[in-house]
1. Take E310, E266 and sort them by solvent-accessible surface of the protein heavy atoms, 1.4 Å probe, largest at the top.
2. Are there GluC sites (Glu not before Pro) in segment 1-100 that DSSP puts in a loop and that have at most 15 other Cβ atoms within 10 Å, and which ones?
3. Using alpha-carbon positions, what is the distance between the centroids of segment 183-214 and segment 119-143, in Å?
4. Computed FRET efficiency, Cβ-Cβ of A21 and D196, R0 51 Å: what is it to the nearest 0.05?
5. Summing +1 for each Lys or Arg and -1 for each Asp or Glu, what net charge is found among the other residues whose Cβ lies under 12 Å from the Cβ of H78?
6. Label segment 272-365 by shape, choosing from rounded, prolate and oblate, from the square roots a ≥ b ≥ c of the eigenvalues of the Cα gyration tensor; if a/c is under 1.5 it is rounded, and otherwise prolate applies when a/b is larger than b/c, oblate when it is not.
7. In a solvent-free Debye calculation with one equal scatterer on each Cα, what is log10 I(q)/I(0) for segment 109-169 at q = 0.13, 0.15, 0.16 Å⁻¹, listed in the order of the q values?
8. If I stretch the segment between T183 and E266 completely, what's the gain in nm (0.36 nm per residue apart, minus their alpha carbon distance), one decimal?
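The values are calculated or read from the model by the stated rules, or taken from the named source; none is laboratory data. Fair warning: this is a prediction, and the values are worked out from it, not measured in the lab. Every residue, glycine among them, receives a Cβ derived from its backbone with ideal geometry; neighbour counts consider all protein chains shown. Ligands, DNA and RNA are stripped out before the accessible areas are found, and what is left, the full protein with its side chains, is counted by its heavy atoms. Shrake-Rupley method; radii C 1.70, N 1.55, O 1.52, S 1.80 Å.
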Amino acid sequence: MCDVLAVAAVAGPQVGLELLARVLPDRRPGLADLLEEAVRARVLTAPASPLGPYRFAHDLFRETIYAGLAAAQRAGLHLAVGRALEELRAEGATVHAAELAAHHLAAASAGATAEAARAVHWSVLAAREAAARLAFEDARDHAERALAALDLVDQPGPTARLELLGDLAEARALAGDGPGARTTHLEAAALARRLDDGAGLARAAVGVHALGAPTGAARDEQLALLGEAAAALAGERTPLRARVLACLARELHHSWEEANLTRAPEVAEEAVALARDLGDPATLSFALLALHDARWRPGGAGERLPVVEEMLALAATAGDHELLAQARLLRAVVLVELGDRGGLADLEESCRLAEELGHAGARWGALSRRAAAGLAGRLEEATALAEEARQLGRTPGRRRPAGRRGGPSCSPRAATRRPSGPSWPGSIPTGTCCDPACPAATTPGRCWSPPWSSPDARTAAGQEAARPPAAASPPGPHGSPSARPTCRSRLGTSGSGGPRTACPSVASRR
């Protein structure tokens, strides 16, 4: 009886007859009688169904039995239970990787170091399963345990730690820990250099780029890392190299330095050409995102639209919902710039897709963009959404989920005063001046104003049809100027009655 209850205590709050029989094959003939005796003693409760699991009548029974086991006995039972569960999973039974990881981790931590490799294996799978069900904090915890278990493995492969560092960094980013993800990616990059592993370096560089650049120094670091990764993969014709080039093009463009702005389109076109040759829809969609950004200039919406349309189609083909959300957002911006109210539907769809992604950066992006769109006559709704986005961004250790850059300010009144840099899920030329009619608007990225936040757009949003733009007015950098306030209407007038034309520069805010 004692050995049966010991196995049951190690197995967990509930245990099935088949699992007990596999761990204790010698006790199989009389196992049902022993379990019935435990039920009569009120230590276990009978199954709710004929083939259901047995449960401890109270957690104290299980905890007391478990605590009474010697460390070596406990480790041996965890190992036996873990292997039995592996057999059941291989035969098609529903056994979660997290359960297997827990048993192998317990066995390894108690001294069974031969099982540490199994603990790493199942912890990695548990992290993937958790991420698939949008349990990103659980995925991060499993990834951390996998890396810790690697220290118990005898002579792990030279790239095993590099792979696990990459997994952990990505899990931390999805869980909303931007600073932790950046630190882990940079640790992986340093290890990749020591191992002369170009692919590992490139993965880290792409991961750091995805986090965004909270400061100018961080952007310089990212540019250097992406340049190093591109050099390490020089001559390779792989999806990873195409993605590195695409990331490099985006960083070059969003640095807003003249030399980098000139170089960005060339690098983006190289990424697109490579991705087309490879025939990978997801990679080509990602490269087109870079080409779109590199072509972002005032009045260039018509040039960007076909790029966004192709990106959208490819992302849908690849089933990449992250890129699909980005493409929807970018098309929304292009259409609004062209005076097409259909862009608001794309904006709403991009927010819906972002919310389905579930991770912190996507949820923050959806909330903040809905807050900006809510300015179209729904100030109270916009304020509530903005506050929710602000609270999400106040997670300890980070100012925005996953260290994302840009995005509308979490204040409806400040929705047109955005920091410089690209934003999630897409990249919008942003700046400090809030009106395209200001002098700074002649330089890309110096001025940005959400078209739906203008008085005319707010009025049109509450009606069945939008007011058509004035035909006589030439299109400005953000579409028809008729749908936008002037510097005078947005910024007011000076004390002398003249217009306020001074707009703070990007450099002054940096």
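1. Largest to smallest exposure gives the sequence E266, E310.
2. Working: sites: E18, E36, E37, E63, E86, E87, E91, E99; in loops: E91.
Answer by residue number: E91.
3. 21
4. E between A21 and D196, to the nearest 0.05, is 0.50.
5. On the way: positive: R74, R83, R118; negative: E99, E115.
In short, +1.
6. Oblate is the answer for segment 272-365, as a/c is 1.5 or above yet b/c matches or exceeds a/b.
7. These q points yield log10 I(q)/I(0) values of -0.31, -0.41, -0.46.
8. Values: separation 83, 0.36 × 83 = 29.88 nm, distance 3.05 nm.
Residue separation times 0.36 nm, minus the Cα-Cα distance, leaves 26.8 nm.
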